[in-house]
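Only one structure is covered here, and it is reproduced in the block below.
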Amino acid sequence: MNTENNTPAPAQKKDNTIKRRITGFFTDLYKIHLFIVRFFKEAFVPPFEFKEIVRQCYEVGVRSFALISVTGFIVGFIFTKQSRPSLASFGANSWLPSLVSIAIMRALAPLVTALIASGKVGSSIGAELSSMRVTEQIDAMEVSGTNPFKFLVCTRVLATTLAIPILATYTALIGMLGGYLNVSMNEGVSYTAFVDQFFRPLMFLDFTSSLIKSIVFGFTIGIVGCYQGFYSKEGTEGVGKAANGAVVTAMFLVFIEEIIIVQITSNFR
C-alpha cells in the first residue's frame, strides 16, 4: 500500500512549525496582557497584604545590598579609571566628576541595578512560584479560600516596584563613592569639591528619568518573574525553565525599555 501521499512534505512540516510558533507567540502575549490587567485589578483592591509586601521588600532590597554595594562601587571606580585617559588627552581631567555623574545618574545606576536584580530577584521569584505550582501549594491556597494571585503575585510585583528605585539610588551613591576614590587617588580632589562637581551638571530631568526607569524596571522584573513561575509547567523541570526564562526575558525587556525611555527623555532636553 502506498503511503507517500499521506506523509507531509518537509516544506509543509516547516510551514506548520512556523505557524505554531507564531500562534504560540501571540497567545503568550495575550496571556501576559491578561496577567498584567489582573494585577492592576487586584493589587489596589482590599484586602491588602501589607505584611507580605514588607517581607518581600526585605527579600528584594535588604538581601541585595551586599551585591549591589560591590557592583555599584566597581562600576563607579572602573568607569572613572577608563574615562581618565580620554579626558586627559584633551586636558580635561577636571570634567571627570561631571562625566561620572552624568553616566551614573542617567544610565548606569538604574540599568546596572535592574540587571543585577533580574539575575538575583527575578530568578528567585520564578523558581519560588514555580516550585509552589509544581508541589500544588498554589492549588491548596485556592481551595483554602486564599487568593494566591493577590498574596503571591501582587505582593512581589509591588515589592520589586518599590525596592528597585531605592536600590538604584543606593547604587548611584556607591558609584559616586567609587568614582571619588579613583579621582582622589590620582588628582587629589577633596570630597567637597568632587561632590560639588558631581551634582553641578545634573538637572531635575536626570533624577526624574532615573526614577521612572527604576520604577519601570522594577515592575518588569516582578511581573516577568511572577508570570514565569505562576504558569510554570512540566513538573520539576519547569522550575529551572521558569527561573531561566525570568532572567532572560527580564533582561531583554529592561534593555528595550532603556532604549524607549532614553528616546523619550531626550526629546525634553
inquiry  = VAL239 - would you say it is of a type in the set (Val, Ile, Thr), over 25 Å from PHE40 (Cβ atoms) and surrounded by 14 or more Cβ atoms within 10 Å (Cβ to Cβ)?
reply    = yes
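Rundown of residues vs (1) among the polar types (S, T, N, Q); (2) farther than 15 Å from ALA163 by Cβ; (3) surrounded by 14 or more Cβ atoms within 10 Å (Cβ to Cβ), yes/no style:
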| residue | (1), (2), (3) |
| --- | --- |
| VAL62 | no, no, no |
| ILE68 | no, no, yes |
| THR71 | yes, yes, yes |
| SER86 | yes, yes, no |
| ALA92 | no, yes, no |
| SER98 | yes, yes, yes |
| LEU108 | no, yes, yes |
| ALA114 | no, no, yes |
Subset of the stretch 229-248 (residues that are part of a helix (DSSP H, G or I), over 15 Å from the mean Cα position of the chain (by Cα) and of a type in the set (Val, Ile, Thr)) = VAL239
key: Boolean, MET251 is closer than 19 Å to ILE68 by Cβ, in a helix (DSSP H, G or I) and of a type in the set (A, V, I, L, M)   = yes
note = Scanning the stretch 42-62 for residues that are aromatic (Phe, Trp, Tyr) and assigned to a loop (DSSP other than H, G, I, E, B), the one modelled with the lowest pLDDT turns out to be PHE48
message = Taking the criterion of being within 19 Å of the chain's Cα centre (by Cα) and hydrophobic (A, V, I, L, M, F, W, C), would at least one residue in the stretch 76-84 satisfy it?
response = no
key: Single residue of the stretch 116-149 satisfying the filter (charged (D, E, K, R) and touching a residue at least 12 places away in the same chain (Cβ under 8 Å)) that is surrounded by the fewest Cβ atoms within 10 Å (Cβ to Cβ)   = LYS120
request  = Could you please tell me which pairs satisfy a Cβ distance under 9 Å, a separation of 6+ or placement on different chains, a first residue in the stretch 227-245 that is closer than 16 Å to LEU34 by Cβ, and a second residue that is β-branched (Val, Ile, Thr) and assigned to a helix (DSSP H, G or I)?
outcome  = TYR227/ILE32; TYR227/ILE36; TYR227/VAL153; TYR227/THR249; GLN228/ILE125; GLN228/THR249; PHE230/ILE138; PHE230/VAL153
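The values are calculated or read from the model by the stated rules, or taken from the named source; none is laboratory data. As the structure is a prediction and not an experimental result, all values here were calculated from the model. All Cβ positions, even for glycine, are placed from backbone atoms using ideal geometry, and neighbour counts span all protein chains on display.
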